[in-house]
Amino acid sequence: MKRCGKDCSACPYIREVKSLNINTNEWKINQNLNCEISNCIYLIECMKEHCNMKYVGETKRILKFRLAEHRGYVNNNVDTATGEHFNLPGHTLSDLRITMLEKVRSNDDMYRKERERYFIRKFNTYYKGLNRQP
């Protein structure tokens with residue numbers, strides 16, 4: 001996962017990594033990914049010390065546009081998982097980092113949503129994270 005290098009509004013929030021260790025699970029990122037990729041699964045992390053809350057999401061659109069929505073939730077204190085979390089005392093938008101976990105190979109919405117559920121289960125973000133039960 002890399003920044004696009006075009007000085008876009010998403011790049012300050014991109015966490016450039018080749019692998020992630022989440023709740024004792026490792027995930028290697030084996031694709032060339034950046035904020036201009038669409039049809040993907042992503043991870044939002046709170047980088048606040050001793051917090052480490054995580055949120056797994058999916059989008060059909062370009063990642064930087066989906067990230068802009070999450071930033072809007074925080075700025076406008078919207079009743080969403082990320083909006084609420086990053087408005088907690090001591091938290092700010094500057095604590096938010098995003099990493100793309102995978103570009104989904106199929107354009108099928110149901111398949112992408114199933115991949116999101118896979119990562120939510122893998123990283124246990126319902127119980128040890130920000131994802132909410134449907």
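The values are calculated or read from the model by the stated rules, or taken from the named source; none is laboratory data. These numbers come from a predicted model, not from an experiment. Note that we place each Cβ from the backbone using ideal geometry, even for glycine, and neighbour counts take in every protein chain shown. SASA here: full protein model, heavy atoms, side chains in, ligands and nucleic acids out. Shrake-Rupley method; radii C 1.70, N 1.55, O 1.52, S 1.80 Å.
About the Cα centre, and with charges only on the beta carbon of Lys, Arg (+1) and Asp, Glu (-1), how big is the dipole of the chain? Nearest 20 debye, please. The partial results should precede the final answer.
Working: 24 positive and 16 negative charges, 77 e Å.
Here the size comes out at about 360 debye.
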Placing unit charges on C-beta atoms (Lys and Arg positive, Asp and Glu negative, everything else neutral), compute the dipole magnitude of segment 15-65 about its Cα centre in debye, rounded to 20.
120
Largest-first principal axis extents of the Cα set of segment 30-71 (Å):
31, 26, 13
Charges on Cβ only, +1 for Lys and Arg, -1 for Asp and Glu, centred on the Cα centroid of the chain; of Leu33, Thr82, Ser9, which one is farthest towards the dipole's positive end?
Leu33
Students often forget the sequence filter, so: which lysines lie under 16 Å Cα-Cα from Lys28 once same-chain residues fewer than 8 apart are removed?
Lys2, Lys18, Lys103, Lys122
Förster radius 22 Å - calculated FRET efficiency between Gln133 and Val78 (Cβ-Cβ, nearest 0.05):
0.70
Selected from Tyr73, Met53, Leu20, residue furthest toward positive end of dipole (segment 1-92; charges at beta carbon)
Leu20
Do you know the relative contact order of the chain, to the nearest whole percent, from alpha carbon pairs under 8 angstrom that are 6+ apart?
29
Sorted by accessible area (1.4 Å probe), largest first, how do Asp109, Asp79 line up?
Asp79, Asp109
Which of the lysines could a cross-linker span from Lys48 if the Cα-Cα distance has to be under 20 Å and same-chain partners fewer than 8 positions apart are dropped?
Lys128
Among (i) 7.8; (ii) 8.7; (iii) 17.8, the entry that matches mean projected area of the Cα convex hull in nm² as calculated here
(i)
Excluding residues fewer than 8 positions from Lys60 in its own chain, the aspartates and glutamates with Cα under 19 Å of it are Glu36, Glu69, Glu102, Asp108, Asp109, Glu114, Glu116
